[in-house]
Amino acid sequence: MAERVGLDGLRLLFTDTLMEDPDAYRFLIEGAANVFGLRLSKKMKVPSCSEFPDFRDRPKWKHFLDQLSVEATAHIPQLIWLKDGRDVWEVFFDERFLGNSRLDPCSKILKRRAADRWLVENCDPCNTICYVGIDFTEAHRFDDGRGGGLGPRRALAGWTYEAPLCSEPWVAKWDVMEWMRAEGLAPPRLYALGFSHNNCFGFCIKAGHAHYRLLLQTLPEVYSYHEQKEQEIRGYLGRDVSILADRRNGNRKRPITLRAFRERFEKEVAPSIDDSDYGGCGCFIDQSASTE
Ligand code: SF4
């Protein structure tokens with residue numbers, strides 16, 4: 001789009017959950033610099049994963065991101081880095097609700113509302129086009145042909161959205177990855193670890209069994225953190241809620257905590273889980289079953 005529409009007036013909008021993978025922040029900054037043809041190497045050092053503080057030390061982690069966002073946007077002013085100040089778990093606690101595959105207060109508050117508010121405060125719908133990265137393999141998320149999807153929904157609010165990857169020349173995710181490498185940009189590491197998206201450090205409230213097995217196997221400390229947070233919110237709400245659901249033995253759907261899910265892998269050689277259940281992270285894009 002930078003080549004097509006030019007750089008004047010182009011802005012890149014990032015809504016930070018304060019819980020992204022360190023390499024996602026690296027990619028964000030290097031990618032934004034690439035779009036605007038900036039050579040950052042002499043101006044700032046983009047931190048590697050090992051230079052980030054421990055994500056479990058939340059005050060330190062957030063302070064680090066504050067400094068990083070200030071430095072990055074000073075060098076790339078066209079990068080708009082929005083932060084609510086809360087992460088997804090703080091939103092769940094504040095809303096007294098653990099999100100699920102249908103209801104995502106995290107994405108609603110930290111991403112959709114934040115982006116919508118920025119647009120209203122900074123842009124004129126008459127001369128603004130919002131480009132999103134949905135590709136043709138999930139084009140229904142942009143426009144399902146029945147008035148649903150991001151494009152028609154935002155059009156109702158007066159905004160023009162376009163999804164360039166849903167039309168010719170049909171550039172798919174794997175083509176984008178190759179293009180990135182040709183530009184000297186390393187793709188975000190979560191893809192190499194097997195994740196289907198680069199959101200929330202491998203976590204997602206909408207993810208399923210297969211996704212959490214991958215998280216447990218590849219990023220056990222991240223899994224452990226969310227296991228602990230799930231236990232905390234269960235105690236806080238006083239309810240039998242969980243991220244995952246269990247349908248073993250044809251049983252009706254019932255909650256299974258991340259702790260119980262992990263213990264299955266410790267106790268059983270080949271625990272029966274739903275191997276095909278990766279869940280569907282339509283973060284930012286999908287309107288949840290709630291109101292917006
Ligand atoms: S990736 Fe998942 S957990 Fe993170 S904000 Fe989006 S819906 Fe919520």
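Go through the stretch 2-59 residue by residue and tally those that are at positive phi and surrounded by 12 or more Cβ atoms within 10 Å (Cβ to Cβ).
Step one: filter the stretch 2-59 for residues at positive phi, giving 6, 9, 18, 37.
Pick out the ones that are also surrounded by 12 or more Cβ atoms within 10 Å (Cβ to Cβ) and you get 18.
Final tally of qualifying residues: 1.
How do the helices (runs of 4 or more DSSP H) wholly within the stretch 6-105 filter down when requiring 1 or more residues that are more than 16 Å from the ligand (Cβ to nearest atom) and polar (S, T, N, Q): which remain?
The helices (runs of 4 or more DSSP H) meeting that bar are 22-35, 58-75.
As an exercise: evaluate Leu216 against (1) open to solvent by 30 Å² or more (accessible area, probe 1.4 Å); (2) at pLDDT below 95 and give the number of the one condition it does not meet.
All conditions pass for Leu216, except number (2).
For the stretch 265-276, what are the residues that are surrounded by fewer than 18 Cβ atoms within 10 Å (Cβ to Cβ) and either at pLDDT below 85 or under 24 Å from Ser196 (Cα atoms) (or both)?
Phe265, Glu268, Val269, Ala270, Pro271, Ser272, Asp274, Asp275, Ser276
Report the residue count in the stretch 226-243 for those that are within 11 Å of Arg259 (Cα to Cα) and part of a helix (DSSP H, G or I).
Matching residues across the stretch 226-243 total 6.
Just the residues that are more than 10 Å from the ligand (Cβ to nearest atom) and surrounded by fewer than 23 Cβ atoms within 10 Å (Cβ to Cβ), please, taken from the stretch 191-206.
Scanning the stretch 191-206 gives Tyr191, Ala192, Leu193, Gly194, Ser196.
The values are calculated or read from the model by the stated rules, or taken from the named source; none is laboratory data. In this text the structure is predicted, and so the values were computed from the model without any measurement. Counting neighbours? That spans all protein chains shown, and the Cβs are built from the backbone with ideal geometry, glycine included. The accessibility values were calculated without ligands, DNA or RNA, using every heavy atom of the protein model including side chains. Shrake-Rupley method; radii C 1.70, N 1.55, O 1.52, S 1.80 Å.
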